[in-house]
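We did not get these values from a lab; they are worked out from the coordinates using the rules stated. Note that the structure is predicted; figures quoted are calculated from it, not measured. Note that we place each Cβ from the backbone using ideal geometry, even for glycine, and neighbour counts take in every protein chain shown.
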Amino acid sequence: MSVESSGRLQAMAWIGLLLIGIACFVAAPALGLSLAFWFYLALWITLASGLNIMSGFTGYLPFGYAAFYGIGAYAAAICVRKLGLNIAFGLAAAAVAGAVLSLIFARTLNLRGIYFSMVSLALAAICRILVANLPDWMAGGSFGITLGVGYRLGSYYALLVVMVATLLTVTWLARSRLGMALRAIRDDPDTAEVMGINVGRARLKAWMISAVIAALTGAIEAWYSNVVDADTAFDLLISTKAIIYAVAGGLGTVLGPVIGVIVMLFVDDMIWQRFPVLNVFLLGLVIVLLMMFLPRGILGTLLWHKPRLRRVLF
Amino acid sequence: MIGLGRRALLATCILGGLSSGLQAQERQSIRIGMTTSSTGPFAVASQSGERGVQIWLDDVNSHGGIMLSGKKYRVELVKRDDRSDKQMVSRVYDTLINEDKVDALIAPFSSTLVAVAAPIADSGNKFMTSWAGSSDDLFRQGYKTIVSATTQASQIPVTSIDLAKSLGVDKLAIVFDDEPFPASTADAARALAEKAGLKVVLFEKYSKGSKDFGVLLQKAKAAGATGFYSTSYDSDLIAMIRQMKENDISFPFTYMLYASLSSVTGLGRDANDIFSHTQFDKTVNWKVTDGLTTDQFLAAYDRLFPKAAYPADFQTALAYGAAVVLQKAIETANSLDAAKLKAAALGFSGKTTLVSGQFEIDETGFQRGMKPIVLQQQVGTLKIVAPSDIATAKPIYPAPGWSQR
């Protein structure tokens, strides 16, 4: 099979899957399915895919990814509740806040490996403390901010838009020159530089895209859940879960995080329903076993063993 | 003739179908949904509250259940795990309403989780009683189906500030942990103190996780405080008391909200003369109009949970009270309709006393009736010192210095 026809097959398969997925998500509320389950499924697909841009494509593991999520949540909440603006302005503010924060943190991209991860984690903690110490009239103090927007269905469809946009962005990235540059940086940043890739600029672009995705997700989640407070908005579990889901599916692939999220959430839901007492322990066990036996993730391992599947899956 | 036969057959089939359908839909029980936290920061408190609901469940079912439309229905508690997680609460309450088809709800523990559950209950048109949503803000959102059966944050310092004023405290130092409940209670204490004419000479928060309070204590002393007021959690209070002793810092009036917990009273003499808060105590016997009395409640707790790691506390009592309110609302309204249940709750508001105190709400569901109780550890035993109508001892004021304890 030629490269072009292989690429067309891949594109068709992906578009087909995406359309089926979108149809399922759109139809879920009308079919009376659990809005909360489908909302958080979309949320984690979006977050894991956003993290994949930095981690899978660029090789940076941001343990402090929750900082962007939290700042987006607060930006939206402050706009809506404190400034009396429409939620659409809140979402726009969240995106801007995420971009600005990513620029402020951009210097950390000069670090590599575990050092970047540790500094990222520390910066997220600093963000949380700073927000928690904002005046009560601005950020609601320790009780946080209750948005009072209502129309949860609106937030669900807003998140679907962001999710689809994120997946299309990741797809574009996988096929673009920027994506190739990021992978080169991931594999060997020094060689990439020698080859003429502007390492700093490429990394920054990926960083900002990833940050905006997380910020928008945080803002929409605040809209959906109606409340935002410093502890839950900047919870490090947000970063941890995004990493686990992305790794479980396969970092560096487009479909990997999607598969990881779907599998892990379904497994989690099943365990939670059937084992009310042991569910957390069992979930931890599943994650450990997954990491031990499928270190490349589900899709990553599949593609490793069956490279021909790259024609369709990527 | 053939047509008549077919019509008769059709009618029989329809009637038969309807009949079996009706039988299938005939109510078997009243389903109440709630979540508890198996893990996470709210686990201990949540499980303490769950035991209170279990006491109610055992009691109500031992009497045949809840009366509805002239018949008693057993209560089925549909309980799920929220893992102290906001996202799980959202999913779970959605599931409880739309899949489990519960008839009413009991809220989760903590204001943050109640804030997530409340709009879901409201939009799902399910009545929900809250036993741990102390945030005042919860009741400013316009929810129509939520009522509180716990003292709100702004009301918690009422009794203690009144007591401080009556004892002659004139300068108050307020110190608290930067977390939702301690911070909001401290804010309320400051507002009430200033309204009562006390001067707040220090109002300072510290970061979660801090254990060195030496500087804070020195500042409070240097500011001339005659009263020290802390709304922090018990683990911080233990460190504070120890550091007070190490630095020989004491105040005529020391109030520590969580100092009634066994972890703090276990300090022995060092915890003497410290005032604290509770909403339930084994020596308090409100004139209960609904549900178990204090003695009956404690006996039920011992019977149902003989091996429990913790004794019954105010969280147990509050959750029990919330369940009793739910039962009373159903029986009064003779309906499971959320609006009717809310109306019923407003109807018996101010006329109902539970083991956790008087149930009195306003139109928003905000709890106004439950009086906070102030305790003081006196010679190793906790005594109720306020409100005066239930006091079992006079307050010791001023507290002696460390060398005289």
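Straight distance only, please: which aspartates and glutamates reach the Cα of B:K101 with their own Cα at less than 20 Å, same-chain residues fewer than 8 apart left out?
Partners within reach: A:D269, B:E26, B:E76, B:D81, B:D82, B:D122, B:E331, B:D337.
Among B:E99, B:E194, B:E179, which one moves the most in a GNM of chain B with springs linking Cα atoms closer than 10 Å?
B:E99
Near B:K79, which aspartates and glutamates are there with a Cα under 12 Å away, not counting those fewer than 8 places off in the same chain?
Result set, ordered by chain and number: B:E50, B:D100.
I'd like the per residue volume of the convex hull spanned by the Cα atoms of the stretch B:262-405, given in cubic angstrom. List each step's numbers first, then the result.
Numbers: hull volume 18.3 nm³, N = 144.
About 127 Å³ per residue, rounded to a whole number.
Reachable aspartates and glutamates from B:K282, Cα under 16 Å, same-chain residues fewer than 8 places away excluded?
Here the aspartates and glutamates satisfying the reach criterion relative to B:K282 are B:D295, B:D302, B:D313, B:D389.
Beta carbons within 10 angstrom, averaged per residue: use that to sort the peptides A:251-260, B:56-65, highest first.
Those peptides, ordered most packed to least, come out A:251-260, B:56-65.
Any idea which of A:G150, A:I259, B:A343 is furthest toward the positive side of the dipole for the protein assembly as shown, if Lys and Arg beta-carbons carry +1 and Asp and Glu beta-carbons -1?
Highest projection toward the positive end goes to A:I259.
Would you mind estimating how fast the stretch A:7-311 diffuses translationally, via Stokes-Einstein at 25 °C and 0.890 mPa s with the Kirkwood radius over Cα pairs, in µm²/s?
Approximately 124 µm²/s, per Stokes-Einstein.
Step through the table entries B:K86/B:K144; B:K144/B:K342; B:K195/B:K219, compare each Cα-Cα distance with 19 Å, and write down the pairs that go over it.
Long pairs (Cα-Cα over 19 Å): B:K86/B:K144; B:K195/B:K219.
Using a/c under 1.5 as the rounded threshold, could you call chain B rounded, prolate or oblate? The axes a ≥ b ≥ c are square roots of the C-alpha gyration tensor eigenvalues, and prolate needs a/b larger than b/c, oblate otherwise.
Taking the square roots of the gyration eigenvalues as a ≥ b ≥ c, chain B is prolate.
Once you average over the residues of A:233-240, how many Cβ atoms of partner chains fall within 10 Å of each Cβ?
On the way: counts 1, 0, 3, 0, 4, 1, 0, 0.
For this peptide, the per-residue mean of nearby foreign Cβ atoms is 1.
About its Cα centre, how strong a charge dipole does the protein assembly as shown have in debye, to the nearest 20, once Lys and Arg get +1 and Asp and Glu get -1 at the Cβ?
Around 1460 debye, computed over the protein assembly as shown.
Counting DSSP beta bridges with both partners in the protein assembly as shown, what percentage is antiparallel, nearest 5?
DSSP beta bridges in the protein assembly as shown are roughly 35 percent antiparallel.
Sorted by mean Cβ packing within 10 Å, highest first, what order do the peptides A:107-116, B:360-369 take?
Averaged packing, sorted descending, gives the order B:360-369, A:107-116.
From other protein chains only, count the Cβ atoms within 10 Å of every residue's Cβ in A:31-37, then give the mean.
For peptide A:31-37, the averaged partner shielding equals 5.
Would you mind giving the mean number of other chain beta-carbons within 10 Å of the Cβ of each residue in A:144-156, as a whole number?
Numbers: counts 6, 2, 10, 3, 6, 1, 5, 1, 5, 1, 0, 0, 0.
Neighbouring Cβ atoms belonging to other protein chains average 3 per residue here.
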